[in-house]
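The values are calculated or read from the model by the stated rules, or taken from the named source; none is laboratory data. Bear in mind the structure is a predicted one, so any value in this text is a computation, not a measurement. With ideal geometry, Cβ positions are generated from the backbone for all residues, glycine too; neighbour counts draw on all protein chains shown.
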Amino acid sequence: MRGTGTRTVGLLALLLIGMAELAQAAEETRVVTGRLPAREWMDWTVSLDYLHEHEHGALKREYQAQDTGGHIGLVSDLLYQRSRDVMQLRGEAGLFKDLSLFTVLSIVVSDQRSLDFDRTNACASDPNLCVDATNSTTLRDGILPGYGTQLPSTTVFRGPTRRGFEYLGLGASWAVFNQARDDTKPTWLLRFETRLSLAEDMRFDPAAPGKNTGVGLGYHQFIFSTLFSRRFGPLEPYSGAWVVLPVLTQGSPFSAPGLSGGAQKHLGFEAGMEATLWQDEQDKQARYRFAYELRGQAELRLDGLEQSPLWEALSGDPSCRPNNTAACRPGVDQDRDGAASPNPGVTHSPRFGQIGGDTGISIQIGPHARLRSLFGLFWQQSRDLTDGSSGNAVYDVPGRRYRVEGGYLWRIFVDGGVVF
């Protein structure tokens, strides 16, 4: 029975499949080493991650009328939601000392967006103020159809369910210092990763809503990051920073006529603590361990092009042309010169921040397997949807712009892995 139980635990660990090696370290700054003194060969790790994200917020609209005294006010309009499930398969191999190479394959299982009438604040106190098809500014301006009708539900728009291979990540990790080798020094990691877009770029055609189910971002990503940690008995605080630099793919929706400036760059910072609550050691190495983790993160997204919460609704019919204006929405589908042209859905976004954190547990199962699970909650800074640089008179000038408010995101992350 005892041998059967041990084999069962081992099989479960393989099925759960983080990164793992013999030396105790925080999961966030774990080093996949080329060789430790007690090892005869390099580490090889394989891990499988699952991420679920749910994003929610409100799209309010600017307006200017007699009741605002000539000033620009805000009126409720739409609520947006996005739900996303992603699986990632990761492999990493130590090369020499504390230098390793890794590869990541990201697969989007499901990615869907929707828009609903905002019936939260004013609507609760006065039903006559509820947003519906008779007073929604998005429907009034012809961005979405149905103005003046009675829609059967509060759902205004639901995009296609997107899925597929998202990107192939290739990178290197180097521990300048490794506390597992020299306990007088902290652990300091430098990482570089390139994420090559594999999928069809995300686009939306209102004349054929289910035609494109691609998950491609429209750009490759180059990511530089650094992480520090220092273990003090059962506690290991850590901190780090990263920068994401996008490079547009060929034919990207971000390179549509009239767009310039490139996709948004991201800057981020994190600080956290991992506390070992219990562990069982053998030969001064933790073989079974249970730890609690708390982490905070802040990210700044710089000015640039993005596919905003409204991008699918803004996207125009590809058949919209100067000789086929019947397929165009007045004012929405036009180029800078006012000629009929399908709206690419991509907008110029001002910079904004996101802040929040994760909490969860890490479990080491014997010398070769680990499991990590985190729950996170993040808030987005209120901002204008567009920065006014496109000059579109329907949604990108004072008095007509959208305002994103109350944006938040929650996520569940599970990471399990084995080391050979």
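Would you check which residues across segment 305-361 are more than 18 Å from residue 139 (Cα to Cα) and of a type in the set (Val, Ile, Thr) and list them?
325, 346, 347, 355, 359, 361
So which residues in segment 196-220 are under 20 Å from residue 264 (Cα atoms), assigned to a loop (DSSP other than H, G, I, E, B) and aliphatic (A, V, I, L, M)?
198, 199, 202, 215, 217
Condition first: under 27 Å from residue 298 (Cβ atoms) and touching a Gly at 6+ places or on another chain (Cβ under 7 Å). Now tell me which residues in segment 372-397 satisfy that.
Within segment 372-397, the subset under 27 Å from residue 298 (Cβ atoms) is 372-389.
Passing the criteria: 372, 373, 374, 375, 376, 377, 378, 379, 380, 381.
From the list 268, 240, 272, pick out the single residue that is touching a helix residue (DSSP H, G or I) at 6+ places or on another chain (Cβ under 7 Å), at pLDDT 95 or above and not acidic (Asp, Glu).
On the way: 268 fails: touching a helix residue (DSSP H, G or I) at 6+ places or on another chain (Cβ under 7 Å); 240 fails: touching a helix residue (DSSP H, G or I) at 6+ places or on another chain (Cβ under 7 Å).
The match here is 272.
Which one of these is buried (at least 16 other Cβ atoms within 10 Å of the Cβ), of a type in the set (Asp, Glu) and touching a His at 6+ places or on another chain (Cβ under 6 Å): 85, 116, 141?
Every option except 85 fails the conditions.
Here's the yes/no breakdown for (1) of a type outside the set (S, T, N, Q); (2) surrounded by 19 or more Cβ atoms within 10 Å (Cβ to Cβ); (3) farther than 23 Å from residue 92 by Cα; (4) touching a Ser or Thr at 6+ places or on another chain (Cβ under 9 Å):
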residue	(1), (2), (3), (4)
193	yes, yes, no, yes
198	yes, no, no, yes
201	yes, yes, yes, yes
209	yes, no, yes, no
216	yes, yes, yes, yes
223	yes, no, no, yes
232	yes, no, yes, no
238	yes, yes, no, yes
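Condition (residue is surrounded by fewer than 18 Cβ atoms within 10 Å (Cβ to Cβ), farther than 16 Å from residue 264 by Cβ and more than 16 Å from the chain's Cα centre (by Cα)) applied to segment 300-320: is it met by at least one residue?
Looking through segment 300-320, at least one residue is surrounded by fewer than 18 Cβ atoms within 10 Å (Cβ to Cβ), farther than 16 Å from residue 264 by Cβ and more than 16 Å from the chain's Cα centre (by Cα).
Looking at segment 366-420 only, could you name the residues that are part of a strand (DSSP E or B), hydrophobic (A, V, I, L, M, F, W, C) and modelled with pLDDT under 95?
So the first thing to find is which residues in segment 366-420 are part of a strand (DSSP E or B), and the list is 369-380, 383-384, 402-419.
Add one more test, that the residue is hydrophobic (A, V, I, L, M, F, W, C), and what stays is 369, 371, 374-375, 377-379, 404, 409-410, 412-414, 418-419.
Scanning segment 366-420 gives 369, 418, 419.
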